[in-house]
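Student: I am attaching a structure below and will ask some questions about it afterwards.
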Ligand SMILES: Nc1ncnc2c1ncn2[C@@H]1O[C@H](COP(=O)(O)OP(=O)(O)OP(=O)(O)O)[C@@H](O)[C@H]1O
């Protein structure tokens with residue numbers, strides 16, 4: 001079965017089910033082609049205000065290429081990009097003034113401390129000096145501010161990179177694989193930091209990752225890209241719903257029980273002593289169980305057959321994909 005035939009993919013390129021006037025990023029039919037090879041194909045990205053948008057895909061799927069286009073670092077081959085409702089081709093500088101970003105590893109001067117590193121960027125952005133203390137406090141580096149950066153852990157360097165991205169008080173933060181190469185503690189630190197951005201600071205976040213487990217713990221919306229194409233885009237709740245499976249009931253007399261279930265309007269397939277139904281709501285399960293019991297069936301087990309999100313993700317991106 002190809003991913004296009006796959007029932008879980010009905011949300012392909014589906015607009016996020018919320019008012020469209022609150023879109024912070026919107027791309028339409030975005031393409032980037034290198035020679036004859038498309039790194040990004042007809043990509044319709046929709047990111048709402050206040051979202052933490054987890055941009056997910058295996059290595060080489062096209063995440064960095066997309067992010068580079070959003071930041072105006074490379075030019076799309078085709079399609080449009082609107083950020084804050086403005087066209088990136090026409091109002092690039094106005095847009096980028098309101099965006100903070102961390103693309104790949106942050107570059108720091110190792111012999112300088114955090115304050116000195118941030119000071120260099122502060123001058124370019126022309127923001128008040130007090131902003132340095134503020135961003136160091138946000139990323140919880142105040143206590144280490146006067147230590148040379150070369151002594152920092154990778155997680156601390158990454159947090160300093162986020163501090164730099166926050167200096168200009170952005171409304172949108174774009175982070176490309178910010179937890180790449182971090183140990184579990186560093187991953188948790190960065191994740192907690194990202195989670196507080198919309199709530200505490202009103203900042204919309206786009207964060208890319210190749211790890212579903214990581215995105216799942218912080219994102220409100222998920223976009224999954226595979227070989228340059230968006231194969232799923234919707235809320236995290238919707239992703240969970242898609243992972244929800246059918247109901248399996250193990251009974252004493254499966255054939256009779258199947259017949260009775262059919263009379264009640266529920267189609268099932270028999271697997272040994274079990275009847276397997278599609279998705280059913282609680283009320284339907286309760287009614288069916290009641291009828292079975294009334295007809296003297298012994299019920300040994302009622303269970304939901306859930307796929308793990310990881311299974312769903314692998315199904316969406318293809319099992320051969322490197323994660
Ligand atoms: N400058 C370039 N010239 C030619 N091909 C490129 C260029 N940049 C990227 N590509 C190709 O485009 C595809 C997408 O790459 P991209 O870096 O966007 O993927 P990614 O999802 O960010 O993966 P990763 O997590 O490994 O960085 C890859 O096949 C890559 O080899």
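Student: Given points 7 Å out from each Cα along the Cα-Cβ axis, report the residue 121 to residue 33 separation in nanometres with one decimal.
Tutor: Between residue 121 and residue 33, the simple spin-label model gives 3.6 nm.
Student: Residue 281 to residue 104: extension gain in nm, 0.36 nm per residue of separation minus the Cα-Cα distance? Mind dumping the intermediate values first?
Tutor: Values: separation 177, 0.36 × 177 = 63.72 nm, distance 4.45 nm.
Between residue 281 and residue 104, full extension yields 59.3 nm more.
Student: Determine the gain in length on full extension of the stretch residue 195-residue 94; use 0.36 nm per residue of separation and subtract their C-alpha separation, reporting nm with one decimal. All intermediate terms of the calculation are to be shown ahead of the outcome.
Tutor: Details: separation 101, 0.36 × 101 = 36.36 nm, distance 2.62 nm.
Additional length available on full extension: 33.7 nm.
Student: By per-residue mean of other Cβ atoms within 10 Å, what is the highest-first order of 251-259, 121-129?
Tutor: 251-259, 121-129
Student: Need the full-extension length gain, residue 86 to residue 111, defined as separation in residues times 0.36 nm minus the C-alpha distance. One decimal, nm. Write out the running numbers ahead of the final one.
Tutor: Working: separation 25, 0.36 × 25 = 9.00 nm, distance 3.99 nm.
The residue 86-residue 111 span can extend by a further 5.0 nm.
Student: Once both axes come from the Cα atoms, what is the angle between helix 114-125 and the longest principal axis of the chain, in degrees from 0 to 90, rounded to 10?
Tutor: The two axes meet at around 80 degrees.
Student: Which of the three applies to segment 245-305, rounded, prolate or oblate, going by the alpha-carbon gyration tensor with a ≥ b ≥ c and a/c under 1.5 meaning rounded? Can you show the working numbers first?
Tutor: Values: a/c = 1.34, a/b = 1.14, b/c = 1.18.
Rounded shape, in that the Cα axes give a/c under 1.5.
Student: Given an 8 Å cut-off on Cα distances and at least 6 residues of separation, report the relative contact order of the chain as a percent.
Tutor: On the way: 599 pairs, mean separation 71.4, N = 323.
Once normalised by length, the contact order is 22 percent.
Student: Here's another thing I want to ask about it. In deg cm²/dmol, rounded to 500, what helix-only [θ] at 222 nm does the chain give when every DSSP H run of at least 4 residues adds -39500 (n - 2.57) and the total is split over its residues? Don't skip to the end; give the middle numbers.
Tutor: Details: 11 runs with 110 residues, N = 323.
Roughly -10000 deg cm²/dmol at 222 nm, from the helical runs in the chain.
Student: Still on this structure: Mind ordering 198-207, 300-309, 286-295 by average Cβ neighbours within 10 Å, highest first? Could you put the intermediate results ahead of the total?
Tutor: Details: 198-207: 18.5, 300-309: 12.9, 286-295: 14.9.
Result, highest mean Cβ count within 10 Å first: 198-207, 286-295, 300-309.
Student: Just to confirm my numbers, what's the Cα centroid distance between segment 277-308 and segment 172-211 in Å?
Tutor: When both Cα centres are located, 41 Å separates them.
Student: Using alpha carbons only, how many degrees (0 to 90, rounded to 10) separate the axis of helix 254-263 from the longest principal axis of the chain?
Tutor: It works out to around 80 degrees.
Student: Now for a different question. What percentages, rounded to whole numbers, describe P(r) for the chain computed over all alpha carbon pairs with 20 Å bin width beginning at zero?
Tutor: Spelled out bin by bin, the chain gives 28, 45, 20, 6 percent.
Student: While we're here: At what distance in nm do the modelled label points of residue 237 and residue 130 sit from each other, each positioned 7 Å from its Cα along Cα→Cβ?
Tutor: Rounded to a tenth, the inter-label distance reads 4.0 nm.
Student: Separate question: Treat the count of other C-beta atoms within 10 Å as a stand-in for reagent exposure and order 277, 55 from fewest to most.
Tutor: On the way: 277 19, 55 30.
With the sparsest Cβ surroundings first, the list reads 277, 55.
FYI, it's all coordinate maths here, none of it is from the lab. This structure is a prediction, so every number in the text was calculated from the model and none was measured. All Cβ positions, even for glycine, are placed from backbone atoms using ideal geometry, and neighbour counts span all protein chains on display.
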